[in-house]
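The values are calculated or read from the model by the stated rules, or taken from the named source; none is laboratory data. As the structure is a computational prediction, the values presented were derived from the model and not from experiment. Heads up, the Cβs are rebuilt from the backbone with ideal geometry, glycines too, and the neighbour counts pull from every protein chain shown. The accessibility values were calculated without ligands, DNA or RNA, using every heavy atom of the protein model including side chains. Shrake-Rupley method; radii C 1.70, N 1.55, O 1.52, S 1.80 Å.
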Amino acid sequence: MRQKILVTGGAGFIGSHTCVELLATGYDVVVLDNFSNSKPAVLDRVRQIAGRDVIRYEADLRDRGNLERVFSEHAFSGVLHCAGVKAIDEAQRNPIKYYQHNFEASLALIDAMARHNVRRLVFSSSATVYGESARVPYREEAPLAPNTVYGRSKMMAEEVLHDLVSSDPSWHIAILRYFNPVGAHPSGLIGEDPSGVPSNLMPHICQVAIGKLPELGIFGHDYPTPDGTGVRDYLHVVDLAEGHVKALQYIFNEPGLLTLNLGNGRGYSVLEVVRAFEHAAGSRINYKFAARRAGDLASYYADAARANEVLGWRARRDLTEMCRDAWRWQQQNPNGYE
Ligand code: WQD
């Protein structure tokens, strides 16, 4: 009998890649997704890649009746909680939505887990919990001072998980703080499919390359960085997915709470990403320098040592591979999942 894992947000960018890795590792997968920012067709692609299907439920985590049904119908060995909303600018305009989907929904999930005696959880958090006061490279024990609503919604969920483990040491929890996941599965069948004009760098570059957008605006070129453009820690989404499986396997046997950065451990500037993409795609990216984007930090990247020490995980795919796979996905799916 295979162990069964619940993946919330399993149709999303990170969730779908993680489902593929879970299936390939031999787990059965149940996906719970409200498809608010993803399409059911994603899961057909997951089946195409993995050769096995997931069990799917369309429901919002805050819908307690449906959540109860999912937990009654399956005996889960663990939960990967990837569901959430993640647009920083939207969060500033609509904090209620962000606290509902990232905080209240997490609370509903762990309440259901507790009632059904499922106490193994991997939680999707974000490097944005650190904020501007932390020293670069960010280490996990750096103080948390997020400067956005989005970051605070993730930090609040993290705090609940800490309290949970303090109150009941039989919980096994891993908090994964993602840096900047990009790229796509090498099959080109699944990838990032933002709705509207993409606010993130890599999908924006992809849409310029395919001709859907006229140019990339580079937000700021007077930062105190080597070329003046913002520096981030980009990592390949398949590396990230592998990190989830390793974290899950680790917490199966380890009670308590583990917090890990998942990043490459080095930063790349916007211009470096543009150049790497041009090299991978064999075409020029039209760009212009624009004003800084409100709330952006100049430069941050992970100290990724702990994930390597504890899980034996490190990001193996380089920037060229991230660009090549993102571009393959874009070319094969010019309009995303449609
Ligand atoms: C990267 C760099 C921009 C777009 C992301 C996610 C957020 C959170 C954390 C998960 C920055 C520059 C971008 C463009 C540009 N994810 N840029 N022109 O801001 O690091 O945040 O990681 O928790 O949800 O958004 O990522 O891809 O938006 O920006 O010049 O059109 O690219 O200024 O330096 P960011 P990003």
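Couple of notes before you dig in:
- Whole-Å distance, taken between Cα centres, linking segment 70-137 and segment 194-265: 18 Å
- By the equivalent-ellipsoid construction on the alpha carbon gyration tensor, segment 247-338 comes out with semi-axes of 32, 19, 14 Å, ordered largest to smallest.
- Probe 1.4 Å, accessible area per residue of segment 228-338, Å²: 42 Å²
- Rounded to the nearest 10 degrees, the inclination of helix 319-332 to the longest alpha-carbon principal axis of the chain is 80 degrees.
- Expressed to the nearest 5 percent, the antiparallel share of DSSP beta bridges inside the chain is 5 percent.
- Theoretical gain in end-to-end length, Glu254 to Ser170 [0.36 nm per residue, Cα-Cα removed]: 29.3 nm
- Arg275-Gln332 FRET efficiency (beta carbon distance; Förster radius 41 Å; 0.05 resolution): 0.95
- Shown for segment 113-223 is the translational diffusion coefficient from the Stokes-Einstein equation, using the Kirkwood radius over Cα pairs, a temperature of 20 °C and a viscosity of 1.002 mPa s: 125 µm²/s.
- Ratio of Rg to Rh over segment 39-140 (Cα coordinates, Kirkwood Rh, two decimals): 1.02
- Inverting the pair-averaged 1/r between distinct Cα atoms of segment 126-188 gives 13.4 Å as its Kirkwood hydrodynamic radius.
- From the Kirkwood radius over Cα pairs of the chain, Stokes-Einstein at 25 °C and 0.890 mPa s returns a whole-number translational diffusion coefficient of 122 µm²/s.
- Rounded percent of accessible protein surface that carbon and sulfur make up, the chain, 1.4 Å probe: 48 percent
- A 1.4 Å probe run over segment 1-152, with the rest of the protein chains in place, finds 42 Å² accessible per residue.
- Unsatisfied cross-links (Cα-Cα over 27 Å) in the set Lys39/Lys86; Lys4/Lys97; Lys154/Lys288: Lys4/Lys97; Lys154/Lys288
- Cα long-axis angle, helix 41-50 against the chain (0 to 90 degrees, to the nearest 10): 80 degrees
- Here the alpha carbons of segment 288-338 define both size measures, Rg and Dmax, at 16.7, 42 Å.
- Where GluC sites (Glu not before Pro) fall in DSSP loop in segment 99-185, at most 13 other Cβ within 10 Å: Glu132, Glu141
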